[in-house]
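The values are calculated or read from the model by the stated rules, or taken from the named source; none is laboratory data. In this text the structure is predicted, and so the values were computed from the model without any measurement. Neighbour counts run over all protein chains shown; Cβ positions are idealised from the backbone, glycine included. To get the accessible areas, we keep the full protein, side chains included, count just its heavy atoms, and leave off ligands, DNA and RNA. Shrake-Rupley method; radii C 1.70, N 1.55, O 1.52, S 1.80 Å.
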Amino acid sequence: MIDRVLLSEERIQTRLDEVAREIDALYAGREIHAVGILKGSVFFLTDVLKRLRSTVVVDFLQVRSYSGTSSSGNIQLIRDLSMDIQGKDVLLFEDVVDTGLTLRKILDLFESRKPRSVRIAALLKKDLPENRDIPVEFLGFTIGPEFVIGYGLDLDEKYRNLPYVAIWDPSR
Ligand code: IMP
């Protein structure tokens, strides 16, 4: 049911070199408090962090929103951070910004914890009006509205391990 490969492994890895350079340049020697949103961001996060020269601390949180190929709109925090983010320069890692609801919920949650800064790195952002206000400082690729799998992105927990991103077409 893979319609076509949208982003090859080589294209992703080449873009990540650039994204990592942009991150290092912006933080300029400051410690980065990287936060991965489980589970989809793990592949993107590890590939980017391995390229950084900055000092990095890593933490994770987990939310649940999707069922099958559609967002439930109801975002639940099912695993919180293990570390305090007060005064930290937090860099959130997201696999794909779709409706933007997940990031909005996390940004709201973090506000009360008084980080020094919060920025967003996303592998993908879907080109949709509803997520235009989500500030993604470090973006891999803008894509269309299609449902995609691979490189961390799942369909019912499968296909995360594909090294490329592909469009899912249930009619095939
Ligand atoms: P949002 O809250 O609608 O922005 O959705 C964010 C989350 O939904 C992502 O972290 C993914 O886990 C999931 N998601 C959204 N679009 C896709 C997709 O095309 N493929 C796989 N997962 C997706």
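Going by the conditions given, is L77 aliphatic (A, V, I, L, M) and either open to solvent by 30 Å² or more (accessible area, probe 1.4 Å) or near the ligand (Cβ under 9 Å from one of its atoms) (or both)? Yes. Among the residues here, I78 qualifies as in contact with a Lys or Arg (Cβ under 9 Å, 6 or more places away or on another chain) and either at pLDDT below 95 or of a type in the set (D, E) (or both). Residue pairs whose Cβ atoms lie under 7 Å apart, separated by 6 or more positions or on different chains, with the first residue in the range 36-48 and over 8 Å from E94 (Cα atoms) and open to solvent by less than 10 Å² (accessible area, probe 1.4 Å) and the second assigned to a helix (DSSP H, G or I) and within 11 Å of the ligand (Cβ to nearest atom), do not occur. Apart from one condition, E111 fits all of (1) modelled with pLDDT of 95 or more; (2) within 25 Å of R30 (Cα to Cα); (3) more than 12 Å from the chain's Cα centre (by Cα); the exception is (1).
Out of everything in the range 105-114 that is in a helix (DSSP H, G or I) and open to solvent by 70 Å² or more (accessible area, probe 1.4 Å), what residue ends up being farthest from the ligand (Cβ to nearest atom)? The residue in question is E111. Among all residue pairs at least 6 apart or on different chains, which show Cβ distances below 8 Å where the first residue, located in the range 96-110, is closer than 17 Å to F138 by Cβ and the second is open to solvent by 60 Å² or more (accessible area, probe 1.4 Å)? Hits for this filter: G100/E130; G100/D133.
When P163 is tested against (1) in contact with a helix residue (DSSP H, G or I) (Cβ under 8 Å, 6 or more places away or on another chain); (2) buried (at least 16 other Cβ atoms within 10 Å of the Cβ); (3) farther than 16 Å from E94 by Cβ, exactly one condition is not met: (2).
Checking the condition assigned to a loop (DSSP other than H, G, I, E, B) and either out of contact with any Ser or Thr (no Cβ under 9 Å at 6 or more places or on another chain) or among the acidic types (D, E) (or both), which residue from L16, L81 passes?
Values: L16 fails: assigned to a loop (DSSP other than H, G, I, E, B).
Residue meeting the stated conditions: L81.
Restricting the range 80-97 to residues that are open to solvent by less than 30 Å² (accessible area, probe 1.4 Å) and not hydrophobic (A, V, I, L, M, F, W, C), the residue that is nearest to the chain's Cα centre (by Cα) is E94. F141 falls short on exactly one of the conditions (1) within 12 Å of the ligand (Cβ to nearest atom); (2) surrounded by 15 or more Cβ atoms within 10 Å (Cβ to Cβ); (3) under 21 Å from I12 (Cα atoms); (4) not small (G, A, S), and that condition is (1). For residues that are assigned to a helix (DSSP H, G or I) and surrounded by 13 or more Cβ atoms within 10 Å (Cβ to Cβ), tally how many sit in the range 23-35. Number satisfying all stated conditions: 4.
Filtering the range 7-39 to residues that are within 16 Å of the ligand (Cβ to nearest atom) and over 21 Å from I85 (Cβ atoms) leaves L7, I12.
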